[in-house]
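All remarks here apply to the structure that follows.
Taken together, the values in this text are just the output of simple stated rules run on the coordinates, not laboratory data. None of these values were measured; they are calculated from a predicted model. Positions of Cβ are backbone-derived with ideal geometry, glycine not excepted, and every protein chain shown enters the neighbour counts.
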Amino acid sequence: AQSVSQHNHHVILSEAASLELGCNYSYGGTVNLFWYVQYPGQHLQLLLKYFSGDPLVKGIKGFEAEFIKSKFSFNLRKPSVQWSDTAEYFCAVSASGGSYIPTFGRGTSLIVHP
Amino acid sequence: SQTIHQWPATLVQPVGSPLSLECTVEGTSNPNLYWYRQAAGRGLQLLFYSVGIGQISSEVPQNLSASRPQDRQFILSSKKLLLSDSGFYLCAWTLGSNQPQHFGDGTRLSIL
């Protein structure tokens, strides 16, 4: 079974600061990787995903993530955060193929001060 | 386009009462369906998932059960609620292993 670790539980930044949220997983096979975002009072929604190909994936709102297979990592980055990026961020991993049972990290709460 | 509806949005129930939370998906067929509980700082705990009508898999043994009476309907139930059942419940769907999940707005359940 796979597991996901998000090392940063709470992150506080000022606007225009750079962001990197860590995500590490444990699974020996091929994986699908996701970052989801939950803005205050809203439902969880997909930020970006990686299935195959270019390990650097770009998502909505200027976010990107890099899959480093050797490090079992899929860190989320944004060069300059905005107040509107205040939200909770979840990393998720699923094994490729078969029934789709993703495993979620515990989430990172990001607060951006204006 | 596909949509997911989850209701009610909030629910306050006494201990020992029954529970029924409903989730329906529109605009797609044969989705995989999921019930999660989300707790602050603990991420999403998968409770049940279903790959087809009448097919339910339970991830965590507890006081809850799930049913899928129709292709796009997923119901979370309990015969007798416990205080520990309080929480935020999310329904989600996906079309396969290479597709992201789509989440409902959630139900905030408070047990008194």
Item to complete: Determine the shielding of peptide A:36-43 by partner chains: average, over its residues, the number of Cβ atoms on other chains within 10 angstrom of each Cβ.
Response: 3
Worksheet item: How large is ³J(HN,Hα), in whole Hz, for each residue of segment A:80-92 in order, when computed from phi with the Karplus curve 6.51 cos²θ - 1.76 cosθ + 1.60 and θ = phi - 60°, using x for Gly and Pro?
Response: 8, 7, 10, 4, 5, 7, 4, 4, 10, 10, 10, 9, 9
Worksheet item: Any idea which of A:Tyr36, A:Phe63, A:Phe51 is furthest toward the positive side of the dipole for segment A:3-113, if Lys and Arg beta-carbons carry +1 and Asp and Glu beta-carbons -1?
Response: A:Phe51
Item to complete: Choose one of B:Tyr36, B:Thr94, B:Leu19: the residue whose Cα lies farthest towards the positive end of the charge dipole of chain B (beta-carbon charges +1 Lys, Arg; -1 Asp, Glu; about the Cα centre).
Response: B:Leu19
Worksheet item: Which cross-chain or sequence-distant (5 or more) residues have an amide H under 5 Å from the amide H of B:Val15, H modelled 1.01 Å from N in plane?
Response: B:Leu112
Fill in: Mean shadow area of chain A, taken as a quarter of the surface of its Cα convex hull (nm²)
6.9 nm²
Worksheet item: If r is the Cβ-Cβ distance from A:Tyr39 to A:Ile68 and R0 is 25 Å, what FRET efficiency results, to the nearest 0.05?
Response: 0.35
Practice prompt. Calculate how many DSSP beta bridges within chain A are antiparallel, expressed in % of all such bridges and rounded to the nearest 5.
Written response: 85 percent
Worksheet item: So what J values fall out for segment B:63-69 if you push phi through Karplus, 6.51 cos²θ - 1.76 cosθ + 1.60 with θ = phi - 60°, rounded to Hz, Gly and Pro as x?
Response: 7, 10, 9, 9, 9, 10, x
Item to complete: Please check which bits of segment A:70-94 a label hung off A:His10 would reach, taking the label as a point 7 Å along Cα-to-C-beta and the cut-off as backbone N under 17 Å.
Response: A:86-89
Worksheet item: Taking the alpha carbon gyration tensor of chain B, what are the square roots of 5 times its eigenvalues, largest first, to the nearest whole Å?
Response: 23, 14, 13
Worksheet item: Can you work out ³J(HN,Hα) from phi for every residue in segment B:87-96, in order, using Karplus 6.51 cos²θ - 1.76 cosθ + 1.60 and θ = phi - 60°, giving whole Hz and x for Gly and Pro?
Response: x, 10, 10, 10, 9, 8, 9, 8, 9, x
Response to the item:
So, over other residues within a Cβ distance under 12 Å of B:Gln13, counting Lys, Arg +1 and Asp, Glu -1, the net charge is +1
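Among all lysine pairs in the protein assembly as shown that are eight or more places apart or on different chains, how many have alpha carbons less than 16 angstrom apart? Could the numbers behind the result be given before it?
Working: A:Lys49/A:Lys58; A:Lys49/A:Lys61; A:Lys49/A:Lys69; A:Lys49/A:Lys78; A:Lys58/A:Lys78; A:Lys61/A:Lys78.
Final tally of qualifying lysine pairs is 6.
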Item to complete: Hey, can you grab everything whose amide H is under 5 Å from the amide H of B:Asp105? Only 5+ residues off in sequence or another chain; H modelled, so Pro and N-termini drop out.
Response: B:Gln6
Worksheet entry | At 1.306 mPa s and 10 °C, Stokes diffusion of segment B:36-85 via Kirkwood alpha-carbon radius, µm² per second | 134 µm²/s
Item to complete: Count the net charge of all other residues whose Cβ sits under 15 Å from the Cβ of A:Gln45, scoring Lys and Arg as +1 and Asp and Glu as -1.
Response: -1
Worksheet item: Which one of A:Tyr100, A:Tyr39, A:Tyr25 has the biggest mean-square fluctuation once chain A is modelled by GNM with Cα springs under 10 Å?
Response: A:Tyr100
Worksheet item: For segment A:1-55, which semi-axes, largest first and in whole Å, follow from the square roots of 5 times the eigenvalues of its Cα gyration tensor?
Response: 24, 14, 13
Item to complete: In Å³ and rounded to a whole number, note down the convex hull volume per residue for the Cα atoms of the protein assembly as shown.
Response: 124 Å³
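Across peptide B:91-104, what mean number of C-beta atoms from other chains lies inside 10 Å of a residue's C-beta?
5
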Response to the item:
Relative contact order as a percentage, segment B:3-111, C-alpha pairs under 8 Å and 6+ apart, gives 36 percent
Worksheet item: If r is the Cβ-Cβ distance from A:His113 to B:Val12 and R0 is 35 Å, what FRET efficiency results, to the nearest 0.05?
Response: 0.50
Fill in: Coarse-grained scattering of segment B:1-62 at q = 0.13, 0.14, 0.16, 0.26 Å⁻¹, given as base-10 log I(q)/I(0) from a Debye sum over alpha-carbon atoms
-0.46, -0.53, -0.70, -1.32
